[in-house]
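The values are calculated or read from the model by the stated rules, or taken from the named source; none is laboratory data. Computed from a predicted model, the values in this text were never measured in an experiment. With ideal geometry, Cβ positions are generated from the backbone for all residues, glycine too; neighbour counts draw on all protein chains shown. Remember, those area values only see protein heavy atoms, side chains included, never the ligands or the DNA or RNA. Shrake-Rupley method; radii C 1.70, N 1.55, O 1.52, S 1.80 Å.
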Amino acid sequence: MLQDLIYASVDNPSNAVEWAMAEMINEPELLRKAVEEIDRVVGKDRLVQESDFPKLNYVKACAREAFRMHPIAPFNLPHVSNADTTVAGYFIPKGSHVLLMRTGLGRNPNVWDEPLKFKPERHLNGSTEVELTESELRFISFSTGRRGCVGVPLGSAMTTMLLARLLQGFNWTVPHGESRIDLSEATHDLFLAKALHAHASPRLPAHMYPKN
Ligand code: HEM
């Protein structure tokens with residue numbers, strides 16, 4: 001049980017944030033918008049807190065876009081249907097093993113405009129607060145329904161905090177001598193094929209960083 005909780009709460013946020021950072025470093029305008037939001041909402045004299053999350057909609061849209069495009073695994077956990085049912089015209093008999101394909105949903109061109117492009121703006125809806133859940137299953141982050149993730153508040157908070165603090169604390173660029181971050185996917189799962197390697201420099205006043 002404990003191992004499951006640790007995998008759920010470490011692997012999922014770190015995979016989403018690593019992908020979001022990789023995509024954003026390649027698109028400095030997205031990075032600039034997210035940092036501008038953090039500076040406006042939080043400033044540079046204190047670190048992002050959970051109480052800031054309702055106002056960090058652009059940052060959350062970036063995390064949400066990472067969940068859409070880069071799920072941690074190609075399929076959702078298997079389910080077995082406990083009654084005959086029909087979904088979108090397809091008859092699914094009781095006892096069927098049901099596997100939802102995460103990339104099939106999140107990258108579906110019938111649902112998403114330019115599905116292979118990292119566009120956080122697609123998740124912004126006026127003044128509505130952005131959430132990392134997707135109850136209509138247009139992609140799978142925490143899934144939904146009775147067997148959906150029980151750790152939504154913690155998982156959302158860990159993902160948003162990790163991304164927001166990395167963006168707040170450092171200027172991020174492609175390492176010297178390289179032109180872009182390599183966005184290839186691993187073949188046995190959907191992690192970045194090569195772990196993110198980027199250049200970070202401090203962007204907050206010196207007293208904001210812990211001293212040894
Ligand atoms: C960003 C972080 C997380 C993501 C993206 C995530 C995603 C998911 C997904 C997709 C499922 C499968 C739902 C289904 O079968 O339809 C799931 C199940 C589950 N998650 Fe999470 N999770 C996260 C964090 C957490 C955390 C922090 C906890 C606990 C502290 C947790 C506990 C669980 C448990 C116990 C289940 C099984 C629920 C059931 O079968 O009834 N998850 N999660």
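If you take every residue apart from C149 with its C-beta less than 15 Å away from the C-beta of C149, what net charge results, scoring Lys and Arg +1 and Asp and Glu -1?
Working: positive: R64, R102, R146, R147; negative: D4, D11, E131, E134.
Within the 15 Å Cβ shell, the charges total 0.
Residue order by solvent-accessible surface for H79, H176, H197 is H176, H197, H79, largest first, with ligands and nucleic acids left out and a 1.4 Å probe.
Computed from Cα positions, the angle between helix 152-169 and the longest principal axis of the chain comes to roughly 30 degrees. Using C-alpha pairs under 8 Å with a sequence gap of at least 6, the mean separation divided by the residue count of the stretch 77-136 gives a relative contact order of 21 percent.
Counted by Cβ distance under 10 Å from R68, the other residues give a net charge of +4, where Lys and Arg count +1 and Asp and Glu count -1. By the rule of a C-alpha distance below 12 Å, with chain neighbours fewer than 8 residues away ignored, the aspartates and glutamates paired with K117 are E23, E27, E65.
3J(HN,Hα) along the stretch 129-138: 5, 6, 10, 8, 7, 9, 6, 8, 6, 6 Hz, from the Karplus curve 6.51 cos²θ - 1.76 cosθ + 1.60 with θ = phi - 60°, whole Hz, x for Gly and Pro. Per residue, the accessible area of the stretch 96-174 comes to 57 Å² when a 1.4 Å probe rolls over the protein heavy atoms.
Can you work out the FRET efficiency for the pair E185 and H207, with r the C-beta to C-beta distance and R0 = 30 Å, to the nearest 0.05? Working from the Cβ atoms, E equals 0.15. Can you give me the angle between helix 28-41 and the longest principal axis of the chain, using Cα atoms only, in degrees from 0 to 90, rounded to the nearest 10? For 28-41 against the chain, the angle is about 80 degrees. Working from label points 7 Å from Cα in the Cα-to-Cβ sense, the E29 to N110 distance is 3.1 nm. Potential lengthening of the chain between L5 and R146 amounts to 49.0 nm, from the contour at 0.36 nm per residue minus the alpha-carbon distance. Report the local net charge at K119: Lys and Arg +1, Asp and Glu -1, summed over other residues whose C-beta lies under 12 Å from its C-beta. Value of the local net charge: -2.
Check cross-link reach from K211 to the aspartates and glutamates: straight Cα distance under 19 Å, and skip same-chain residues fewer than eight apart. Correct list for K211: D45.
Averaging the Cα positions of each part gives two centres, and for the stretch 179-198 and the stretch 26-65 these lie 24 Å apart.
Centre-to-centre separation between the Cα atoms of the stretch 151-167 and those of the stretch 87-108: 29 Å. Compared with the direct C-alpha span, the chain from L77 to H176 gains 31.6 nm at full extension, assuming 0.36 nm per residue. With the cut-off at under 18 Å, measuring from each backbone N in the stretch 156-170 to a point 7 Å along the Cα-to-Cβ line of E129 picks out 156-162, 164. Relative to the longest principal axis of the Cα atoms of the chain, the long axis of helix 57-69 lies at roughly 50 degrees. For the stretch 109-157, the Kirkwood hydrodynamic radius comes to 12.4 Å, computed from all pairs of different C-alpha atoms. Please list log₁₀ I(q)/I(0) at q = 0.08, 0.09 Å⁻¹ for the chain, using the Debye equation with identical point scatterers on the alpha-carbon positions. These q points yield log10 I(q)/I(0) values of -0.31, -0.39. In this view, the solvent-accessible surface of H199, computed with a 1.4 Å probe and all protein chains in place, comes to about 70 Å². The portion of the accessible surface of the chain made up by carbon and sulfur, rounded to a whole percent, is 57 (1.4 Å probe; DNA, RNA and ligands excluded).
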